[in-house]
1. Averaged per residue, what accessible area in Å² does the chain show with a 1.4 Å probe, protein chains only?
2. Checking understanding here: applying a Kyte-Doolittle mean of at least -1.0 and a length along the axis of at least 20 Å (C-alpha), which whole DSSP H helices in the chain pass?
3. Could you give the size of the charge dipole of the chain about its Cα centre, using +1 on the Cβ of each K and R and -1 on the Cβ of each D and E, expressed in debye and rounded to the nearest 20?
4. Report relative contact order for the chain in percent, whole number only (criteria: Cα-Cα under 8 Å, sequence separation at least 6).
5. Which residue fluctuates most in the GNM of the chain (Cα springs below 10 Å): LEU274, LEU328, LEU125?
6. Springs between alpha-carbon pairs under 10 angstrom, Gaussian network model over the chain: which of LEU47, LEU215, LEU317 fluctuates most?
7. How much net charge surrounds LEU47 when only other residues with a Cβ under 15 Å from its Cβ are counted (Lys, Arg +1; Asp, Glu -1)?
8. Give me the percent of the accessible area of the chain that comes from carbon and sulfur atoms, probe 1.4 Å, all protein chains in place.
Amino acid sequence: MRFIFKTDYTQDIRLAKHGGHLFWYSLLMVGMLFAPWIVSEYWLAQLTFILIYAIVGLGLMLLAGFTGLFSIGHAAFLGVGAYTQAVLTNAGVPFPLALLCAGALSAAVGMVVGLPALRVKGIYLGIATLSFGFIVEEIFARWESVTGGNAGIHIKPPSLFGLKLDSGDEFYFLCLVLAVGSTLLILNLLRSPTGRAFVAIRDSEVSAQSMGIHLARYKTLSYAISAALAGIGGALYAHKLQFISPDQFNILQSIDLLLMVVIGGLGSVHGAFLGAIFLITMPQVIALGKDYLPATIGQAPGLQGTVYGLVLIAFVLFEPLGLYGRWLKVRTYLQTFPFYRRGTFKRQKSFQKSDRLR
């Protein structure tokens, strides 16, 4: 098992904690760079969707995993970014400027949605964000002069500095650069006083406020950053599909996004990517498994939703830390074998306030 002996502050704030991190992440990056020449066109498209959903997941992870504010209408921010990108791109606005506007407008909308978070929390906050998602979906459907209504709207391929990114390989590299940039942004944000304030709010709002943290300011900022990343992901999502309609940003999409960060592992940057991999690959696994199931089960219309529900229940009951939490346990087992103790990750008993006073 690896132990790091730190002798100065720069070691504590370094992104790569040791040489192993640097080696494996460099190897992963090399593999991602050579992916267009290694995998088929279909799987490259799936990898592109993973990167897009990872960007959105990083924003939702910052909100839910690090600030403790849940959103059940996060697909609305995805839609705001997608429609903003589609309208501006079709109007001839350069891609970088349109992408910046998509993120900025989504952040502005996120600040408005973040206002209820200053007054309510828990299930009531979830209901407020859910209502906002329904309102935005209805606006997309009714504002036909801009969004095209239920008929949808087509979007032109992105063009960067005069180069049209109309092939799958070129668009994949664009998504890769933005995903890496978003990851570095979140990692550096979490090391800053702002990120530490987010975590303090998640752990205890009363304690955070007693330390001088302005709850309203940081909650609103968390919603804004999360919505901005969702808007950027929505812009890329629109370019990838080249056609968007209001039904693509409904409550089911919001549930998928929330499912992504919960199963990936709340409170970890790795969890956003693991959750995106799960969200994209699970339908493929279900489709492949249908051939080995009886016709009455394999052709059932609600099979995918049932599998998703069972997987979510299993993670909540047996692995609340998600896929990343399971990987930490497997890694610890491999590092300490044969001296691993079964009770290493045993959850501590939780007490109610009345129990503590007895």
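The values are calculated or read from the model by the stated rules, or taken from the named source; none is laboratory data. Since this is a predicted model, take the numbers as computed values, not measurements. Here the Cβ positions follow ideal geometry from the backbone for every residue, glycine too, while neighbour counts run over all protein chains shown. Accessible surface is based on the protein model in full, side chains and every heavy atom, while ligands, DNA and RNA are left aside. Shrake-Rupley method; radii C 1.70, N 1.55, O 1.52, S 1.80 Å.
1. Numbers: 19890 Å² over 358 residues.
Accessible area per residue: 56 Å².
2. Taking the DSSP H segments of the chain (at least 20 Å long, mean hydropathy at least -1.0), we get 19-33, 41-60, 75-90, 95-114, 123-142, 168-191, 215-241, 269-289, 303-318, 322-336.
3. Details: 27 positive and 16 negative charges, 370 e Å.
Charge dipole, the chain, about its Cα centre: 1780 debye, nearest 20.
4. On the way: 472 pairs, mean separation 100.7, N = 358.
Once divided by the residue count of the chain, the mean separation gives 28 percent.
5. Result for the chain, Cα springs under 10 Å: LEU328 fluctuates most.
6. Among LEU47, LEU215, LEU317, the largest GNM mean-square fluctuation belongs to LEU317.
7. Working: positive: LYS240; negative: GLU41, ASP169, GLU170.
Neighbour charge sum, excluding LEU47 itself: -2.
8. Working: 13290 of 19890 Å².
Here carbon and sulfur together make up 67 percent of the probe-accessible area.
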